[in-house]
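Okay, structure first, notes after.
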Amino acid sequence: MSKQTSRAVRIHAVGGPEQLVIDTVSVGEPGPGQVRIRHHAVGLNFIDVYQRTGLYPFPLPLALGMEGAGVIEAVGEGVTHLKAGDRAAYAANPPGSYCDVRVMPAMNVCRLPDAIDFETGAAMMLKGLTAQYLLKRSRPVEGLEAGDFVLFHAAAGGVGLIACQWARSLGLQLIGTAGSDEKCALALEHGAAHAINYRTEDFAARVKDITNGQGVKVVYDSVGKDTFDKSLDCLRPFGLMVSFGNASGPVPPFAPGILASKGSIYVTRQTLFSHINSRERTQAMADDLFAVVEGGKVKVRIDQRFALIDVQAAHKSLEARATTGCTVLLP
Ligand code: NDP
(Lines give C-alpha, C1' and ligand atoms only; values in the text may rest on other atoms or scores of the structure.)
Protein backbone atom coordinates (compact mmCIF):
# COMPACT_ATOMS: atom_id res chain seq x y z
CA MET A 1 0.00 0.00 0.00
CA SER A 2 1.32 3.47 -0.81
CA LYS A 3 2.05 5.76 2.10
CA GLN A 4 -0.86 7.82 3.38
CA THR A 5 -0.84 11.12 5.20
CA SER A 6 -2.68 12.41 8.25
CA ARG A 7 -3.37 15.71 9.92
CA ALA A 8 -1.60 15.73 13.30
CA VAL A 9 -1.75 18.41 15.99
CA ARG A 10 1.84 19.08 17.05
CA ILE A 11 3.91 21.61 18.96
CA HIS A 12 7.28 22.78 17.70
CA ALA A 13 7.96 24.83 20.85
CA VAL A 14 6.44 24.64 24.33
CA GLY A 15 4.05 27.39 25.42
CA GLY A 16 0.41 28.44 25.24
CA PRO A 17 -2.43 27.04 23.13
CA GLU A 18 -1.16 29.08 20.16
CA GLN A 19 1.71 26.57 19.87
CA LEU A 20 -0.76 23.90 18.70
CA VAL A 21 -0.50 23.63 14.92
CA ILE A 22 -1.93 21.21 12.40
CA ASP A 23 0.82 19.50 10.41
CA THR A 24 0.58 16.91 7.67
CA VAL A 25 2.57 13.79 8.54
CA SER A 26 3.12 10.55 6.67
CA VAL A 27 1.74 7.32 8.09
CA GLY A 28 3.26 3.98 7.14
CA GLU A 29 2.53 0.33 7.79
CA PRO A 30 2.53 -0.99 11.38
CA GLY A 31 5.74 -2.76 12.42
CA PRO A 32 6.00 -5.67 14.87
CA GLY A 33 3.74 -5.11 17.88
CA GLN A 34 2.04 -2.08 16.29
CA VAL A 35 -1.36 -1.24 14.83
CA ARG A 36 -2.64 1.46 12.50
CA ILE A 37 -5.84 3.03 13.81
CA ARG A 38 -8.13 5.56 12.11
CA HIS A 39 -9.73 7.75 14.77
CA HIS A 40 -13.42 8.53 14.98
CA ALA A 41 -12.90 10.57 18.16
CA VAL A 42 -9.99 11.69 20.30
CA GLY A 43 -9.97 12.40 24.04
CA LEU A 44 -8.70 15.67 25.53
CA ASN A 45 -6.84 15.39 28.85
CA PHE A 46 -5.15 17.75 31.25
CA ILE A 47 -1.89 15.86 30.74
CA ASP A 48 -1.90 17.24 27.17
CA VAL A 49 -1.65 20.72 28.71
CA TYR A 50 1.35 19.69 30.86
CA GLN A 51 3.09 18.39 27.73
CA ARG A 52 2.25 21.51 25.73
CA THR A 53 3.58 23.86 28.43
CA GLY A 54 6.73 21.78 28.96
CA LEU A 55 5.90 20.80 32.58
CA TYR A 56 6.28 17.20 31.35
CA PRO A 57 9.20 17.51 28.89
CA PHE A 58 9.29 15.61 25.58
CA PRO A 59 11.54 15.94 22.51
CA LEU A 60 10.12 18.36 19.89
CA PRO A 61 8.27 18.44 17.61
CA LEU A 62 5.71 16.60 19.72
CA ALA A 63 2.42 15.15 18.44
CA LEU A 64 -0.07 15.55 21.29
CA GLY A 65 -2.87 13.36 22.64
CA MET A 66 -2.93 10.15 24.67
CA GLU A 67 -6.48 8.84 24.18
CA GLY A 68 -8.60 7.89 21.18
CA ALA A 69 -11.06 5.51 19.58
CA GLY A 70 -11.57 4.32 16.02
CA VAL A 71 -11.15 1.42 13.64
CA ILE A 72 -8.06 -0.73 13.24
CA GLU A 73 -6.81 -0.53 9.64
CA ALA A 74 -3.83 -2.89 9.87
CA VAL A 75 -1.90 -4.88 12.46
CA GLY A 76 1.82 -5.65 12.59
CA GLU A 77 3.55 -8.94 13.23
CA GLY A 78 2.85 -10.50 16.62
CA VAL A 79 -0.38 -8.61 17.32
CA THR A 80 -2.99 -11.22 18.13
CA HIS A 81 -5.63 -9.37 20.16
CA LEU A 82 -6.72 -7.08 17.30
CA LYS A 83 -7.41 -7.38 13.58
CA ALA A 84 -8.21 -5.02 10.73
CA GLY A 85 -11.81 -3.80 11.00
CA ASP A 86 -12.01 -4.03 14.80
CA ARG A 87 -13.46 -1.12 16.76
CA ALA A 88 -10.86 -0.12 19.34
CA ALA A 89 -9.99 2.46 22.00
CA TYR A 90 -6.92 3.28 24.05
CA ALA A 91 -5.03 5.36 26.56
CA ALA A 92 -1.38 5.14 25.57
CA ASN A 93 2.11 6.50 25.49
CA PRO A 94 3.76 7.86 23.37
CA PRO A 95 1.44 10.80 22.69
CA GLY A 96 0.04 11.41 19.21
CA SER A 97 -3.72 10.76 19.23
CA TYR A 98 -4.73 14.25 18.02
CA CYS A 99 -4.78 13.06 14.39
CA ASP A 100 -6.82 11.27 11.74
CA VAL A 101 -4.78 8.08 11.58
CA ARG A 102 -1.62 6.85 13.30
CA VAL A 103 0.66 3.87 13.77
CA MET A 104 1.19 3.05 17.46
CA PRO A 105 2.12 0.26 19.88
CA ALA A 106 -0.72 -2.25 20.23
CA MET A 107 -0.13 -3.03 23.90
CA ASN A 108 -2.61 -0.50 25.30
CA VAL A 109 -5.14 -0.69 22.46
CA CYS A 110 -8.29 -2.64 23.43
CA ARG A 111 -11.26 -3.86 21.43
CA LEU A 112 -14.19 -1.58 22.15
CA PRO A 113 -17.42 -3.38 23.11
CA ASP A 114 -20.20 -2.86 20.51
CA ALA A 115 -22.41 -1.18 23.12
CA ILE A 116 -19.90 1.65 23.63
CA ASP A 117 -19.81 4.34 20.93
CA PHE A 118 -16.58 5.87 19.62
CA GLU A 119 -16.97 9.22 21.38
CA THR A 120 -17.51 7.51 24.72
CA GLY A 121 -14.58 5.19 24.03
CA ALA A 122 -12.33 8.13 23.20
CA ALA A 123 -13.45 10.09 26.25
CA MET A 124 -13.23 7.36 28.84
CA MET A 125 -10.07 5.31 28.39
CA LEU A 126 -7.43 7.52 30.01
CA LYS A 127 -9.86 9.04 32.51
CA GLY A 128 -11.71 5.82 33.30
CA LEU A 129 -8.58 3.69 33.68
CA THR A 130 -7.28 6.40 35.99
CA ALA A 131 -10.43 6.23 38.12
CA GLN A 132 -10.01 2.43 38.09
CA TYR A 133 -6.47 2.41 39.45
CA LEU A 134 -7.21 5.19 41.94
CA LEU A 135 -10.19 3.41 43.48
CA LYS A 136 -9.11 -0.21 43.05
CA ARG A 137 -5.31 -0.25 43.05
CA SER A 138 -4.29 2.63 45.33
CA ARG A 139 -5.49 1.37 48.69
CA PRO A 140 -4.67 2.67 52.18
CA VAL A 141 -2.84 0.30 54.51
CA GLU A 142 -5.97 -0.10 56.67
CA GLY A 143 -8.10 -1.03 53.62
CA LEU A 144 -11.04 0.75 52.02
CA GLU A 145 -14.57 -0.48 52.61
CA ALA A 146 -18.14 0.49 51.82
CA GLY A 147 -19.12 3.40 54.04
CA ASP A 148 -15.61 4.87 54.22
CA PHE A 149 -15.08 8.56 53.46
CA VAL A 150 -12.69 9.64 50.70
CA LEU A 151 -11.95 13.14 49.38
CA PHE A 152 -11.72 13.70 45.62
CA HIS A 153 -10.61 17.08 44.26
CA ALA A 154 -11.86 18.49 40.93
CA ALA A 155 -14.83 16.12 41.22
CA ALA A 156 -16.79 17.67 38.33
CA GLY A 157 -13.99 17.18 35.77
CA GLY A 158 -13.37 14.33 33.35
CA VAL A 159 -11.74 11.91 35.80
CA GLY A 160 -13.83 13.39 38.63
CA LEU A 161 -17.34 12.60 37.39
CA ILE A 162 -16.31 9.04 36.51
CA ALA A 163 -14.76 8.62 39.97
CA CYS A 164 -17.89 10.01 41.71
CA GLN A 165 -20.09 7.37 40.06
CA TRP A 166 -17.65 4.52 40.47
CA ALA A 167 -17.03 5.35 44.14
CA ARG A 168 -20.79 5.37 44.78
CA SER A 169 -21.11 1.95 43.16
CA LEU A 170 -18.43 0.69 45.57
CA GLY A 171 -20.36 2.13 48.51
CA LEU A 172 -17.76 4.80 49.30
CA GLN A 173 -18.81 8.18 50.65
CA LEU A 174 -16.98 10.47 48.26
CA ILE A 175 -16.59 14.09 49.31
CA GLY A 176 -15.98 16.03 46.10
CA THR A 177 -14.49 19.49 45.71
CA ALA A 178 -15.12 21.74 42.72
CA GLY A 179 -14.61 25.34 41.65
CA SER A 180 -18.24 26.56 41.47
CA ASP A 181 -21.64 25.82 42.98
CA GLU A 182 -22.83 24.52 39.58
CA LYS A 183 -19.92 22.09 39.44
CA CYS A 184 -20.66 20.97 43.02
CA ALA A 185 -24.26 20.25 42.00
CA LEU A 186 -22.97 18.16 39.09
CA ALA A 187 -20.71 16.13 41.40
CA LEU A 188 -23.65 15.44 43.73
CA GLU A 189 -25.84 14.45 40.79
CA HIS A 190 -23.17 11.91 39.79
CA GLY A 191 -22.80 10.19 43.13
CA ALA A 192 -20.72 12.37 45.42
CA ALA A 193 -22.09 12.10 48.96
CA HIS A 194 -21.01 15.69 49.74
CA ALA A 195 -19.60 18.54 47.64
CA ILE A 196 -17.49 21.51 48.67
CA ASN A 197 -16.87 24.64 46.61
CA TYR A 198 -13.16 25.02 47.39
CA ARG A 199 -13.04 28.52 45.93
CA THR A 200 -15.41 29.83 48.61
CA GLU A 201 -15.11 27.34 51.48
CA ASP A 202 -12.27 25.98 53.63
CA PHE A 203 -12.37 22.38 52.41
CA ALA A 204 -10.30 20.99 55.31
CA ALA A 205 -12.69 22.46 57.88
CA ARG A 206 -15.71 21.13 55.95
CA VAL A 207 -14.17 17.66 55.70
CA LYS A 208 -13.64 17.63 59.47
CA ASP A 209 -17.32 18.61 59.98
CA ILE A 210 -18.64 16.02 57.55
CA THR A 211 -16.56 13.22 59.09
CA ASN A 212 -17.23 14.22 62.73
CA GLY A 213 -13.63 15.23 63.18
CA GLN A 214 -12.27 11.86 62.01
CA GLY A 215 -10.94 12.77 58.55
CA VAL A 216 -10.97 10.63 55.41
CA LYS A 217 -9.09 7.42 54.62
CA VAL A 218 -7.89 8.61 51.20
CA VAL A 219 -7.45 11.95 49.44
CA TYR A 220 -7.20 11.85 45.63
CA ASP A 221 -5.49 15.09 44.66
CA SER A 222 -4.90 16.12 41.03
CA VAL A 223 -4.96 19.85 41.73
CA GLY A 224 -1.47 19.86 43.25
CA LYS A 225 0.11 23.05 44.53
CA ASP A 226 -3.07 24.81 45.71
CA THR A 227 -4.57 21.87 47.63
CA PHE A 228 -1.69 19.61 48.73
CA ASP A 229 -0.97 20.97 52.22
CA LYS A 230 -4.60 21.24 53.29
CA SER A 231 -5.33 17.82 51.84
CA LEU A 232 -2.88 16.27 54.31
CA ASP A 233 -4.94 17.84 57.12
CA CYS A 234 -8.03 15.99 55.85
CA LEU A 235 -6.59 12.51 56.45
CA ARG A 236 -7.20 10.25 59.43
CA PRO A 237 -4.16 8.57 61.01
CA PHE A 238 -2.55 6.10 58.56
CA GLY A 239 -4.60 7.67 55.76
CA LEU A 240 -3.32 7.80 52.19
CA MET A 241 -2.72 10.87 50.05
CA VAL A 242 -2.78 9.90 46.36
CA SER A 243 -1.26 12.78 44.45
CA PHE A 244 -1.89 12.29 40.73
CA GLY A 245 -1.78 15.66 39.02
CA ASN A 246 -0.83 19.32 39.08
CA ALA A 247 -3.63 21.35 37.48
CA SER A 248 -2.71 24.35 39.69
CA GLY A 249 1.05 23.72 39.50
CA PRO A 250 3.48 21.11 40.81
CA VAL A 251 3.67 20.31 44.53
CA PRO A 252 6.83 21.82 46.09
CA PRO A 253 9.23 19.56 48.02
CA PHE A 254 8.26 18.87 51.64
CA ALA A 255 9.92 17.34 54.71
CA PRO A 256 8.85 13.71 55.42
CA GLY A 257 8.56 14.54 59.15
CA ILE A 258 5.24 16.23 58.30
CA LEU A 259 3.77 12.79 57.62
CA ALA A 260 4.55 11.62 61.18
CA SER A 261 3.12 14.75 62.75
CA LYS A 262 -0.18 14.27 60.93
CA GLY A 263 -0.71 10.71 62.20
CA SER A 264 1.79 8.53 60.31
CA ILE A 265 0.02 9.22 57.04
CA TYR A 266 1.19 7.94 53.64
CA VAL A 267 1.79 9.88 50.43
CA THR A 268 2.11 8.38 46.96
CA ARG A 269 2.46 10.02 43.53
CA GLN A 270 0.85 7.86 40.88
CA THR A 271 0.69 7.72 37.09
CA LEU A 272 -1.61 5.59 34.97
CA PHE A 273 1.29 4.56 32.78
CA SER A 274 2.89 2.48 35.56
CA HIS A 275 -0.39 0.56 35.87
CA ILE A 276 -0.96 -0.12 32.16
CA ASN A 277 2.59 -1.33 31.51
CA SER A 278 1.54 -4.78 30.30
CA ARG A 279 -1.08 -6.04 27.84
CA GLU A 280 -2.64 -8.29 30.50
CA ARG A 281 -3.04 -5.54 33.10
CA THR A 282 -4.29 -3.03 30.52
CA GLN A 283 -6.96 -5.48 29.39
CA ALA A 284 -7.98 -6.44 32.94
CA MET A 285 -8.37 -2.79 33.93
CA ALA A 286 -10.19 -1.98 30.67
CA ASP A 287 -12.57 -4.93 31.19
CA ASP A 288 -13.39 -3.57 34.64
CA LEU A 289 -14.09 -0.15 33.11
CA PHE A 290 -16.14 -1.58 30.22
CA ALA A 291 -18.25 -3.54 32.75
CA VAL A 292 -19.22 -0.48 34.81
CA VAL A 293 -19.96 1.55 31.68
CA GLU A 294 -21.95 -1.19 29.93
CA GLY A 295 -23.77 -1.97 33.18
CA GLY A 296 -24.81 1.68 33.55
CA LYS A 297 -23.00 2.20 36.87
CA VAL A 298 -20.78 4.83 35.24
CA LYS A 299 -22.11 7.17 32.56
CA VAL A 300 -19.38 8.95 30.65
CA ARG A 301 -20.48 12.52 30.31
CA ILE A 302 -19.16 14.39 27.27
CA ASP A 303 -19.91 18.07 27.84
CA GLN A 304 -17.64 19.57 25.16
CA ARG A 305 -17.04 18.57 21.55
CA PHE A 306 -14.56 20.41 19.31
CA ALA A 307 -13.49 19.83 15.73
CA LEU A 308 -9.83 18.76 15.61
CA ILE A 309 -8.98 22.05 13.91
CA ASP A 310 -10.38 23.93 16.93
CA VAL A 311 -7.90 22.29 19.30
CA GLN A 312 -6.57 25.66 20.52
CA ALA A 313 -10.04 26.63 21.78
CA ALA A 314 -10.38 23.23 23.45
CA HIS A 315 -7.12 23.70 25.36
CA LYS A 316 -8.09 27.24 26.36
CA SER A 317 -11.37 26.14 27.90
CA LEU A 318 -9.82 23.17 29.76
CA GLU A 319 -7.15 25.41 31.28
CA ALA A 320 -9.66 28.14 32.12
CA ARG A 321 -11.63 25.62 34.27
CA ALA A 322 -14.55 26.23 31.90
CA THR A 323 -15.21 22.53 31.17
CA THR A 324 -17.11 19.83 33.05
CA GLY A 325 -16.96 16.08 32.46
CA CYS A 326 -15.09 14.93 29.35
CA THR A 327 -14.08 16.74 26.17
CA VAL A 328 -13.56 15.12 22.78
CA LEU A 329 -11.93 16.31 19.56
CA LEU A 330 -13.54 15.14 16.34
CA PRO A 331 -11.27 14.53 13.33
P1 NDP B 1 -10.39 17.98 34.41
O2 NDP B 1 -11.54 17.88 33.49
O3 NDP B 1 -10.57 17.49 35.80
O4 NDP B 1 -9.86 19.48 34.43
C5 NDP B 1 -9.02 19.91 35.44
C6 NDP B 1 -9.80 20.56 36.59
O7 NDP B 1 -8.89 20.88 37.62
C8 NDP B 1 -10.45 21.88 36.21
O9 NDP B 1 -11.67 21.75 35.55
C10 NDP B 1 -10.60 22.53 37.57
O11 NDP B 1 -11.82 22.13 38.16
C12 NDP B 1 -9.45 21.93 38.39
N13 NDP B 1 -8.44 22.94 38.71
C14 NDP B 1 -8.12 23.34 39.94
N15 NDP B 1 -7.22 24.31 39.90
C16 NDP B 1 -6.95 24.56 38.61
C17 NDP B 1 -6.12 25.49 37.94
N18 NDP B 1 -5.35 26.37 38.61
N19 NDP B 1 -6.10 25.48 36.58
C20 NDP B 1 -6.86 24.61 35.90
N21 NDP B 1 -7.68 23.69 36.49
C22 NDP B 1 -7.73 23.68 37.84
O23 NDP B 1 -9.12 17.25 33.75
P24 NDP B 1 -8.87 15.68 33.51
O25 NDP B 1 -10.09 14.92 33.84
O26 NDP B 1 -8.23 15.53 32.20
O27 NDP B 1 -7.75 15.35 34.59
C28 NDP B 1 -7.99 15.59 35.96
C29 NDP B 1 -6.67 15.65 36.70
O30 NDP B 1 -6.16 14.34 36.82
C31 NDP B 1 -5.59 16.48 36.01
O32 NDP B 1 -4.83 17.15 36.98
C33 NDP B 1 -4.76 15.41 35.34
O34 NDP B 1 -3.46 15.81 35.11
C35 NDP B 1 -4.84 14.29 36.34
N36 NDP B 1 -4.62 12.98 35.75
C37 NDP B 1 -3.58 12.23 36.22
C38 NDP B 1 -3.38 10.96 35.76
C39 NDP B 1 -2.33 10.12 36.38
O40 NDP B 1 -2.32 8.90 36.18
N41 NDP B 1 -1.41 10.68 37.16
C42 NDP B 1 -4.18 10.40 34.68
C43 NDP B 1 -5.29 11.25 34.28
C44 NDP B 1 -5.47 12.50 34.79
P45 NDP B 1 -12.51 23.11 39.26
O46 NDP B 1 -12.89 24.37 38.54
O47 NDP B 1 -13.67 22.35 39.74
O48 NDP B 1 -11.48 23.36 40.31
Q: Per DSSP H run of at least 4 residues, take -39500 (n - 2.57); add these up for the chain, divide by its residues and hand me the 222 nm value, nearest 500 deg cm²/dmol.
A: -8500 deg cm²/dmol
Q: Calculate the dipole size of region 10-169 relative to its Cα centre from +1 charges on Lys and Arg beta carbons and -1 charges on Asp and Glu beta carbons; express the result in debye to the nearest 20.
A: 160
**Q.** Unsatisfied cross-links (Cα-Cα over 26 Å) in the set Lys127/Lys225; Lys183/Lys230; Lys3/Lys83; Lys262/Lys316; Lys127/Lys183; Lys262/Lys299
**A.** Lys262/Lys316; Lys262/Lys299
Q: Starting with the highest mean, order 312-324, 245-257, 29-41, 147-159 by the number of other Cβ atoms within 10 Å, averaged over the residues of each peptide.
A: 147-159, 29-41, 312-324, 245-257
Q: Using only the Cα atoms, work out Rg/Rh for the chain, with Rh taken as the Kirkwood radius, to two decimals.
A: 0.98
Q) Relative contact order of region 1-74: what whole-number percent is it, with Cα pairs under 8 angstrom and at least 6 residues apart? A) 38
Q: Express the relative contact order of region 61-108 as a whole percentage, based on alpha carbon pairs under 8 Å and six or more residues apart in sequence.
A: 45
Q. Once phi is turned into θ = phi - 60°, what whole-Hz ³J(HN,Hα) does the Karplus curve with 6.51, -1.76 and 1.60 give for every residue of region 105-111, x standing for Gly and Pro?
A. x, 7, 3, 9, 8, 10, 5
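In Å³ and rounded to a whole number, note down the convex hull volume per residue for the Cα atoms of region 14-80.
In region 14-80, the Cα hull volume divided by residue count equals 119 Å³.
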Q: Please report, in debye to the nearest 20, how large the charge dipole of the chain is about its Cα centre when each Lys and Arg carries +1 at its beta carbon and each Asp and Glu carries -1 there.
A: 340
**Q.** Residue-normalised accessible area of the chain, given per residue in Å² at a 1.4 Å probe
**A.** 40
**Q.** Dimensionless Rg ratio for region 9-123, taking C-alpha atoms and the 2.2 N^0.38 Å reference
**A.** 1.05
Q. If you take the Cα atoms of region 98-230, find Rg, then find the Kirkwood Rh from the mean of 1/r over all pairs, what is Rg/Rh?
A. 1.03
Q: Take each of the peptides 166-173, 80-87, average the number of other beta-carbon atoms within 10 Å over its residues, and list them starting from the highest.
A: 166-173, 80-87
Q. What is the local net charge at Gln173, summed over the other residues whose Cβ is closer than 14 Å to its Cβ (Lys, Arg +1; Asp, Glu -1)?
A. +1
(Q) So for each of 230-237, 195-202, 259-266 I average, over its residues, the number of other beta carbons within 10 Å; can you give me the resulting order with the highest mean first? (A) 230-237, 195-202, 259-266
Q: Report the one residue of Leu60, Cys99, His81 whose Cα lies farthest in the direction of the positive end of the charge dipole of region 56-127 (charges on C-beta: Lys and Arg +1, Asp and Glu -1; origin at the Cα centre).
A: Leu60
Q: Pop out the carbon and sulfur fraction of the accessible area of region 165-238 as a percent, whole number, probe 1.4 Å.
A: 45
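The values are calculated or read from the model by the stated rules, or taken from the named source; none is laboratory data. All of these numbers come straight from a predicted model, not from anything done at the bench. With ideal geometry, Cβ positions are generated from the backbone for all residues, glycine too; neighbour counts draw on all protein chains shown. Just the protein is used for accessible areas: all its heavy atoms, side chains included, with ligands, DNA and RNA removed. Shrake-Rupley method; radii C 1.70, N 1.55, O 1.52, S 1.80 Å.
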